[in-house]
Amino acid sequence: MREPRLTGPLPRRRVRLTGAGHVLTCTGPERGPLTSWEQLGRHTGVDLVIRHELWGGWQLEWLGPTGSAEQPHADATIDLGGRLLLPGLIDCHTHVVFAGDRSGEFVQRLNGKSYGEIAAAGGGILHTVAKTRAASVPELVEAAAPRLQQMAEWGVRVVECKTGYGLELASEVKILQAIAVLRQRFAGQLRLVSTAMPAHAIPPEFKANPEGYVALVCEQILPAMRAADPELAFVDVFVEKGYFTVEQAEKIAKVADALGLPMKAHVDEFADLDGVQWAVEQGAASVEHLLQTASKSLEILAKSDTVAVGLPLTSVFLREPYAPLRQLVDAGALVAVATDCNPGSAMTTNLVLAMQMAVLGAKLSPQEVLRGVTRCAALALREPGGYTGRLKVGEPFVATTLDLDGVDRLFYELGVGPRASQVLTEAGIA
Ligand code: NIG
Ligand code: FE
């Protein structure tokens, strides 16, 4: 590969991208099995022309053979030096903003204690809640920033960030404030999508009165969070034994609906409480985890627009089975893949490793996984900022350039992962 090179004057209104080894547009079918890169729109020997729009973003104007006479005139050219160009990767499920760490608990689990036992003894999520409540906005920002920086280096361009380690009004709003600061700090590099998840666990002060906490979430916490963050995009709830029931989730969904926010739901992580059926009936954007999902839910998802989000590194980290992602794709469901980055069940920022384990552990094909971190992940986030998770003429252009000469290598080098070249973001192409 050659050094990537930008030539041309400022301001740049139209830029030609040339010299990509492969371009993968991810414009193929959204559902069903995929077994070849051609199904996902692999091209060689093509140029792209992108145009800067008045609203500040870039749009793909043209894609065609290098040297074609139909290519629109551009003010500047970026030679990608043989690198792989694909839609900007999306990590559509993270809990990246938190304080403290749980490495001690991790080792206890490896020596036989269960996630449930640790949580019942006041550890688990509640440990991170105590640390997060005690942290200031700047402390939360400084804790999360290196994690987001790592994500950007893997080629991620969009990150969903959940709250849920505050579990009281002021602390949940504080996490949103930290996300807002990080949104500014990473502007031009990462788009942060915020999700309100005060229903992540029952806080200790409501241990004897979970209904009281649900009422507080509905009457005060969610409306305050909506008011605090104009960019708030979703409400999520952990439907699980010992956390929230479907009936409680239903109350939360009613409030989310009144606030104009679509739902997401953590379901079937440890027990199947029929959360999938409920979430699909709600028209939820996505259901996440699905480790214990019963086969009847596969059909329900296949007939819906609710995206099934697989989190294979959570399975690895918890030594739990994989979600039935293979069966979900075969049934015709929309399937995305994400990291679940969080201190208790997936302490990782590495989306490429999640993609590799989705292939090796959960038995998806490399093509299905790439669709799962581009197009299907964009659907799980309802096309944030208009970004559709694909490279398509007439749509917003958000892209990743990887230091790889071919797409097969992306899955091949385990645990190492390719680095994203920052040539596009450095040229101001966000
Ligand atoms: O997605 N399932 C609930 N929430 C996280 C775990 C949070 C934690 O253990 O801190 C998850 O796995
Ligand atoms: Fe999660």
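Rule-based calculations on the coordinates, nothing more; no lab input. The shown structure was predicted, so the numbers you read here are calculated from the model rather than taken from an experiment. FYI the Cβ positions are ideal-geometry reconstructions off the backbone, even for glycines, and counts take in every protein chain you see.
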Item checked: Over 19 Å (Cα to Cα) - which of K131/K162; K264/K303; K174/K254 fall in this group -> K174/K254
Notebook entry, point to check: Cα extents of region 1-130 along the three principal axes, largest first, in whole Å?
Noted result: 69, 39, 30
Check: Could you put W55, W37, W278 in order, starting from the residue whose Cβ has the fewest other Cβ atoms within 10 Å?
Finding: W55, W37, W278
Notebook entry, point to check: Rounded, prolate or oblate: which one fits region 278-430, using the alpha carbon gyration tensor with axes a ≥ b ≥ c (rounded when a/c is under 1.5, else prolate when a/b beats b/c, else oblate)?
Noted result: oblate
Notebook entry, point to check: What is the magnitude of the charge dipole of region 253-409 about its Cα centre, with +1 placed on the Cβ of each Lys and Arg, -1 on the Cβ of each Asp and Glu, and no other charges, expressed in debye to the nearest 20?
Noted result: 200 debye
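How large is the dipole of the chain about the Cα centre if only Lys and Arg carry +1 and Asp and Glu carry -1, each at its Cβ, rounded to the nearest 20 debye?
It comes to approximately 720 debye.
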Check: What number, rounded to the nearest 500 deg cm²/dmol, is the helix-based mean residue ellipticity at 222 nm of the chain, given -39500 (n - 2.57) per DSSP H run of at least four residues and division by all its residues?
Finding: -9500 deg cm²/dmol
Next item on the list: Of the listed pairs K207/K241; K207/K251; K251/K296, which have alpha-carbon separations greater than 21 Å here?
Entry: K251/K296
Note to self: Roughly how far apart, in whole Å, are the Cα centres of region 36-115 and region 372-410?
What the structure shows: 5 Å
Next item on the list: Fewest Cβ neighbours within 10 Å first, please rank T27, T77, T128 accordingly.
Entry: T77, T27, T128
Check: In region 89-384, if every C-alpha pair distance is counted and binned at 5 Å from zero, what percent goes to each bin?
Finding: 1, 6, 13, 18, 21, 19, 14, 7, 1, 0
Note to self: Along the charge dipole of the chain, pointing to its positive end and built from +1/-1 on Cβ of Lys, Arg, Asp and Glu, which listed residue (S297, P366, M225) has its Cα farthest out?
What the structure shows: P366
Next item on the list: Express in whole angstrom the spacing between the alpha-carbon centres of region 208-260 and region 137-187.
Entry: 20 Å
Next item on the list: List M151, M1 from most exposed to least, where exposure is judged by having the fewest other Cβ atoms within 10 Å.
Entry: M1, M151
Next item on the list: Using Cα pairs closer than 8 Å and at least 6 residues apart in sequence, work out the relative contact order for the chain, in percent.
Entry: 20 percent
